[in-house]
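Data first, discussion second: the structure below is written as structure tokens.
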Amino acid sequence: MEKLITIENIVKKDSLGQPILNGISAKVMEGEFITIIGPSGSGKSTFLSLINRMTEPDSGLLRFKGTPYVEMDVLKLRRKIGMVFQLPTMLPGTVRDNLLIGLSPVPGNPEQCRNRRPIRPDCPPKINKRTGCPFPFGGQKQRISLARSLANRPEILLLDEVTASLDPTSTEEIEELIQRLHQNGTTILWVSHNLKQAKKVGEYTWVIAGGKIVEQGHPNEVFVNPKHVITQEFIATSFGKEPVT
Ligand SMILES: Nc1ncnc2c1ncn2[C@@H]1O[C@H](COP(=O)(O)OP(=O)(O)OP(=O)(O)O)[C@@H](O)[C@H]1O
Ligand SMILES: [Mg+2]
């Protein structure tokens, strides 16, 4: 396995100069499936947005396959690193319009984006079949949001609470879809408040708290036998509140 993303001593401060992330170092290897958990406001979304280069660190360095982010073209980087947020982000227009957004234009013909380019074959047929539907709801919207991110064939997919607003059936469908993408080689970094989900789907779990990654390990270690006191307390207080999905 190759190093896909290297995170070196990242500090990210809020507008008042208080650190949100205070010296985070980590590595994401190609093909890994990592779930990220931690208290609300601990900086999980900020962390993902740094990896997607939606925001810049105050200090520290991020690398993609060894190359510092600052030496890479931002748009090219974002095509390699897809991101899906909690709220199904449908932009104005039809589903098809939404799926065409953000795609690499054909050289010399910016109009001809990728009309003939198929969506990844590993997307379930439902996505392709339903692209004509102008009014998708719930899990369907989230699948379209995912499909839009997948259209550039990212090497890594960042997911931020993607199933938080979905019913159990849609949640399961999205989990299966993401697991299938992972089986086909996509690296996954998935922030989830749903600890049962984080335990079930991830091969590794990272715990972010107090501006640091306080614990990293196999879900069976992190959830069943957490080493760090913050993880122990977080899991003890959170598990009782989890919806059963
Ligand atoms: N643009 C910003 N300006 C100022 N403060 C911010 C900004 N973005 C985030 N924060 C603050 O940074 C901290 C971390 O926020 P973040 O959204 O990354 O946490 P989170 O772990 O994703 O939380 P949640 O679990 O609730 O989604 C919070 O205290 C938040 O108020
Ligand atoms: Mg968040």
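None of the figures in this text is laboratory data; all of them are computed from the coordinates on show. As the structure is a computational prediction, the values presented were derived from the model and not from experiment. Please note: Cβ atoms are built from the backbone with ideal geometry, for glycine as well, and neighbour counts cover all protein chains shown.
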Here the FRET efficiency for Glu233 versus Glu30, based on Cβ atoms and R0 = 25 Å and rounded to 0.05, is 0.15
Once both label points are put 7 Å beyond Cα along the C-beta direction, the Lys80-Val224 separation in nm becomes 3.7
The summed charge of the Asn9 Cβ neighbourhood (under 13 Å; Lys/Arg +1, Asp/Glu -1) stands at +2
Residues meeting the amide H criterion for Ile36 (H placed from the backbone, H to H distance under 5 Å, 5 or more places apart or on another chain) are Trp190, Val191, Ser192, Trp206
Note: Glu56 to Val11 extended length (0.36 nm per residue) minus current alpha-carbon separation gives 15.2 nm
Whole-Hz Karplus couplings 3J(HN,Hα) for region 27-40, θ = phi - 60° and coefficients 6.51, -1.76, 1.60, Gly and Pro as x, run 10, 10, 8, 4, x, 6, 10, 10, 9, 10, 10, x, x, 4
Of 154-165, 179-190, 11-22, ordering from highest average Cβ density within 10 Å down gives 154-165, 179-190, 11-22
The FRET efficiency for Lys196 and Glu71, from their Cβ-Cβ distance with R0 = 41 Å and rounded to 0.05, is 0.50
